[in-house]
Amino acid sequence: MSLDQRDRMAHDRYASADDATKEAIDAAYSAARNELESRGIVCANDDRAESLVAALMRYADASSTTGHAFARRSLLGLDTEPTPSGPETCADFESFVRAYIVAALWSSTDESTPEGGEPMDSNYDADDIAPEDMQIIREECRAFYYAHRAEIAERDAVSAGHDFWLTRNWHGAGFWDGDWPEPAASKLDAASKAAGERTLYIGDDGKVYMMTG
């Protein structure tokens, strides 16, 4: 079957799917693209890679873990046997990012008073983060998440995203506080601290920005 034929079949299947199935397919497609990007393969400027990953994700049973694994491994030129995977689905990665942002906002203050003001999450959410800094957040989360999937599997993606922010910024809780088993705890703790500190602040335009340190 040619690439064009796969694309047409993928499009037809996608167009006729219900909303829940489309959401699952879109999530799996994003997961495959994230995997490619983590390996240095840029989809956005490669029509063939973009087309092939879309066809694979939509033609495979993209709502299942094994469907995602099949598509990802096929595209990367590995074996094509569907294999169960750990926390590497798009849903898990997105949960990691959301938890990271939640922790960042509630542990930061808006500096609206000399005492520090209110916690940012009282008046701001993820939609208020400046787009350029949201991109950096996602890139840093992606790098950490895909480098430490085995350790994250010892617990869950939400806890990992939360603790990544807290640990890298030396808060009073994090990977080191006893909730994570060893040796995963020590590995994740060291990797978080090596990533360096980040600080959120409110810009003059009312957007949430991030700076190093």
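The values are calculated or read from the model by the stated rules, or taken from the named source; none is laboratory data. Keep in mind the model is a prediction, meaning the values are calculated, not measured. So basically every Cβ, Gly included, is an ideal-geometry build from the backbone, and we count neighbours across all protein chains shown.
For region 89-108, does any single residue satisfy the condition of being exposed (fewer than 14 other Cβ atoms within 10 Å of the Cβ) and of a type in the set (A, V, I, L, M, F, W, C)?
No, region 89-108 has no match at all.
Yes or no: region 153-175 includes at least one residue that is at positive phi, in a loop (DSSP other than H, G, I, E, B) and crowded, with 18+ Cβ neighbours inside 10 Å. Spell out how you get there, then give the answer.
Step one: of region 153-175, the residues at positive phi are 170, 174.
Still in the list and also in a loop (DSSP other than H, G, I, E, B): 170, 174.
From the residues that got through so far, the ones that are crowded, with 18+ Cβ neighbours inside 10 Å too are 174.
Yes: region 153-175 contains one or more residues that are at positive phi, in a loop (DSSP other than H, G, I, E, B) and crowded, with 18+ Cβ neighbours inside 10 Å.
Checking every residue in region 133-150 against the condition of being over 14 Å from Ile101 (Cα atoms) and part of a loop (DSSP other than H, G, I, E, B) gives at least one match.
Note on region 181-206: residues that are over 20 Å from Met120 (Cα atoms), assigned to a loop (DSSP other than H, G, I, E, B) and either under 20 Å from the mean Cα position of the chain (by Cα) or of a type in the set (Val, Ile, Thr) (or both) total 2.
Residues that are of a type in the set (Val, Ile, Thr) and touching a residue at least 24 places away in the same chain (Cβ under 8 Å) do occur in region 163-178. Ile129 meets the conditions (1) crowded, with 21+ Cβ neighbours inside 10 Å; (2) without any contact (Cβ under 8 Å) to a residue 40 or more places away in the chain; (3) more than 13 Å from Ala103 (Cβ to Cβ) in every case but one. The failed one is (2). Check region 106-114 and report whether any residue there is part of a loop (DSSP other than H, G, I, E, B), touching a His at 6+ places or on another chain (Cβ under 9 Å), touching a residue at least 40 places away in the same chain (Cβ under 8 Å) and among the polar types (S, T, N, Q). Among the residues of region 106-114, at least one is part of a loop (DSSP other than H, G, I, E, B), touching a His at 6+ places or on another chain (Cβ under 9 Å), touching a residue at least 40 places away in the same chain (Cβ under 8 Å) and among the polar types (S, T, N, Q), which makes the answer yes. Residue under question is Val208, and the condition is that it be out of contact with any Ser or Thr (no Cβ under 8 Å at 6 or more places or on another chain) and at pLDDT 95 or above; does it hold? It is true that Val208 is out of contact with any Ser or Thr (no Cβ under 8 Å at 6 or more places or on another chain) and at pLDDT 95 or above.
Residues in region 123-132 that are assigned to a helix (DSSP H, G or I) and in contact with a helix residue (DSSP H, G or I) (Cβ under 9 Å, 6 or more places away or on another chain): how many?
Final tally of qualifying residues: 2.
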